[in-house]
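Right, one structure below, let's go through it.
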Amino acid sequence: MCYSGVITLLLLTTINLNDCLKNESKRLNALLILADDGGFEMGVYRNRISQTPNLDKLAKRSLIFNNAYTSVSSCSPSRSALLTGMPSHQNGMYGLHQGQHHFNSFNNIVSLPKILKNEGIRTGIIGKKHVGPEMVYPFDYSQTEENNSILQVGRNITNIKLLTREFLTNQSDDRPFFLYVAFHDPHRCGHTNPEYGEFCEKFGNGDIGMGTIPDWQPIYYQADEIDLPYFLPDTPATRQDVAAQYTTVSRLDQGVGLILEELKNSGHLDDTLIVYSSDNGIPFPNGRTNVYDSGLAEPMFISSPIHKERRNKVTYSLASLLDVVPTLLDWYGIKYYNHNSEESNKNEIENNAVLTGRSLLPLLEKEPTNKTDEVIFASHNLHEITMYYPMRAIRTHRYKLIHNINYNSPFPIDQDFYLSPTFQDILERYRNHQPLKWFKTLQEYYNRPEWELYDLKLDAAEMNNLATKSSYKKIFQQLQDKLSNWQKVTNDPWLCAPHAVLENQGMYKNNPQCLALDNLY
């Protein structure tokens, strides 16, 4: 068995895994499958109602991650982090990419598809891209919302199947490949296409005016049978909402099955690394746009044709979507460097291009015996353009520290979530002085302190804030120092906010300083 080598925290070094398959004359390929606002609604994560036989089958030939997290619970920022290995404050995608929001990564960012393209690997994307500019995220093969209806390339699983087949059976190009299939399920669509239902669960179901997706066998769920996540209000409106979500999760699952069948039929099932995850938390209260675990935690499993020792096993090691780029580069045997530079193969990593993730391939062979130093970070700035609420967070196995930088403002609500049956029911109950049947009050959700510290062993729901407790002062300071150091390493413009101004130019260029505002807040 070839061993891939451990990735250090800041510098990425790899051993070329292609050597592992030289004797077998096989190429190494990779398939990344991403759900859109997907959660743990599948059998492998012990959901007893949502039917996901294809995802469950994939999990059985994978290492299953029980502690995987996104670095930001927002669509475009998360996808930019996924494809660059850099948090959104480092790559420039501060908020949503589309329409009036108009956020983009910096032009000099070197993304995974650009690196792979420069290394002679054929790249493809099918489904939701939601990042830009094109020069930063170039793909050889691209079928996305930029040149198609997002419903057709993100939810029509028959069309996704055919596009996958087209990419995999390209006889004119025998380079190793990287294919990124980004579903639009189970994202909400009630605010944009209400005719198709809250989650587009009616789209393609064969009813009059809904069209037909030939390969989809719709599954419908009884709202009263659903086991709700702990962070959702237990009301009829929420249960109906989740039931609609489950229908589109099952469509996603059937789509994953079709993709894997195409991979098998093309002869690449046994030479392709498969990674499955989601971009951010589910679009419900305390989920997406939050940095609580209910907003950051993601399903993840990795299936390798080489590493078979831990198939259908569970890892409890902390993992981040920031680890995906280091993992895939490790898989292809590519060293990370500035691919934009003419001297790129001779240069060390530039300071603004440091990756803080690690390769996850070693976990496919062995579970770490000591996880005490494991840590993941989160960085959120905006979702929609009006939703300025920057947050930073650090999470260990035991503790979570959150810095709410704009804590004097109420926590913002995005458009599609605002119109959702679940949130409208919360508002109506509040206005009518009825019980919310939720684990928080609306005021607690809107109004948050600057710092939140949680002991996750004793308080998994993150309800008892320990930030001001003297007995936790040492832990608070240790986590705060680690978070601040990560912000420095990743060139976070919000490093000094909200109580100071970061000066790092001119006379402060070689000695950046946080200069106090004395703003008394």
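The values are calculated or read from the model by the stated rules, or taken from the named source; none is laboratory data. All values derive from a computational prediction rather than experimental measurement. Every residue, glycine as well, gets a Cβ built from its backbone with ideal geometry; the counts of neighbours run over all protein chains shown. Protein only, heavy atoms only, side chains kept; ligands, DNA and RNA dropped before computing areas. Shrake-Rupley method; radii C 1.70, N 1.55, O 1.52, S 1.80 Å.
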Inset, instruction - Consider residue 313 carefully, then state whether it is over 21 Å from residue 66 (Cβ atoms) and of a type in the set (Lys, Arg). - result: no
Inset, instruction - Within segment 247-297, count every residue that is farther than 29 Å from residue 415 by Cα, open to solvent by less than 10 Å² (accessible area, probe 1.4 Å) and not hydrophobic (A, V, I, L, M, F, W, C). - result: 1
Inset, instruction - Among the candidates 175, 155, 165, single out the residue that is surrounded by 20 or more Cβ atoms within 10 Å (Cβ to Cβ) and basic (Lys, Arg). - result: 155
Legend entry - Considering residues of segment 298-314 that are among the β-branched types (Val, Ile, Thr) and part of a strand (DSSP E or B) only, the residue surrounded by the fewest Cβ atoms within 10 Å (Cβ to Cβ): 314
Inset, instruction - State whether the residues of segment 102-117 include one that is farther than 21 Å from residue 283 by Cβ, among the basic types (Lys, Arg), open to solvent by 40 Å² or more (accessible area, probe 1.4 Å) and touching a Phe, Trp or Tyr at 6+ places or on another chain (Cβ under 9 Å). - result: yes
Legend entry - Scan of segment 44-75 for residues that are small (Gly, Ala, Ser), part of a loop (DSSP other than H, G, I, E, B) and within 30 Å of residue 92 (Cβ to Cβ), ordered by number: 71, 73, 74
Inset, instruction - Filter segment 1-54 down to the residues that are of a type in the set (Asp, Glu) and modelled with pLDDT of 95 or more, then identify the one that is most open to solvent (accessible area, probe 1.4 Å). - result: 41
Inset, instruction - State whether one or more residues within segment 273-280 are touching a helix residue (DSSP H, G or I) at 6+ places or on another chain (Cβ under 6 Å) and assigned to a strand (DSSP E or B). - result: yes
Inset, instruction - Output the number of the condition that residue 286 fails; it satisfies all remaining conditions of (1) part of a loop (DSSP other than H, G, I, E, B); (2) within 13 Å of the chain's Cα centre (by Cα). - result: (2)
Inset, instruction - Report, by residue number, each residue of segment 461-485 that is open to solvent by 70 Å² or more (accessible area, probe 1.4 Å) and farther than 22 Å from residue 495 by Cα. - result: 463, 464, 469, 470, 471
Inset, instruction - Kindly provide the set of residues from segment 486-521 that are open to solvent by 70 Å² or more (accessible area, probe 1.4 Å) and of a type in the set (A, V, I, L, M), ordered by number. - result: 507, 516, 517, 520
Inset, instruction - Could you please give the count of residues in segment 175-217 that are more than 25 Å from residue 421 (Cβ to Cβ) and free of Cβ contacts under 8 Å to residues at least 24 places away in the same chain? - result: 1
Inset, instruction - Within segment 478-503, track down each residue that is of a type outside the set (Gly, Ala, Ser) and assigned to a helix (DSSP H, G or I). - result: 478, 479, 480, 481, 482, 483, 485, 486, 487, 488, 489
Inset, instruction - Filter segment 432-459 down to the residues that are aliphatic (A, V, I, L, M) and open to solvent by less than 80 Å² (accessible area, probe 1.4 Å), then identify the one that is nearest to residue 476 (Cα to Cα). - result: 453
